[in-house]
Amino acid sequence: MGGERRTRATVQLTAAEDGAAWARLAREAEDAGFEAVSVPGHLGTQFAPLVALAAAAPATRTVGLGTLVPAGGLRELGLLAPGGADVVVLSG
């Protein structure tokens, strides 16, 4: 087999003590070679998914950002989708 094969893996992050620690976790995931960082969409003690992704975006350069299924029965998906699109646009 020719060429280098890259393992693709995503890490799920849920919480940190503050914004600086959250950004550091996202950078560490990227530096460790993860292809993407995801956050859960459940209601609970973790950060709100779109806010967490928006905070991780400027701290990283190449890692993908995503959310798990965002508790569809508890959130209006028609209102949630534009927020996700805004994270993509604002993060570049």
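The values are calculated or read from the model by the stated rules, or taken from the named source; none is laboratory data. All of these numbers come straight from a predicted model, not from anything done at the bench. With ideal geometry, Cβ positions are generated from the backbone for all residues, glycine too; neighbour counts draw on all protein chains shown.
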- Task: Considering only residues that are β-branched (Val, Ile, Thr) and within 13 Å of TRP22 (Cβ to Cβ), look in region 33-53 and name the one that is modelled with the highest pLDDT.
- Result: VAL37
- Item | Pair list, Cβ under 8 Å, 6 or more apart: region 55-66 residue touching a residue at least 24 places away in the same chain (Cβ under 8 Å), other residue in a loop (DSSP other than H, G, I, E, B) and not aliphatic (A, V, I, L, M) | ALA55/PHE47; ALA57/GLY92; VAL63/PHE34; VAL63/GLU35; GLY64/GLU35
- Note on the structure: Apart from one, (1) at positive phi; (2) at pLDDT 70 or above all hold for THR60; the odd one out is (1)
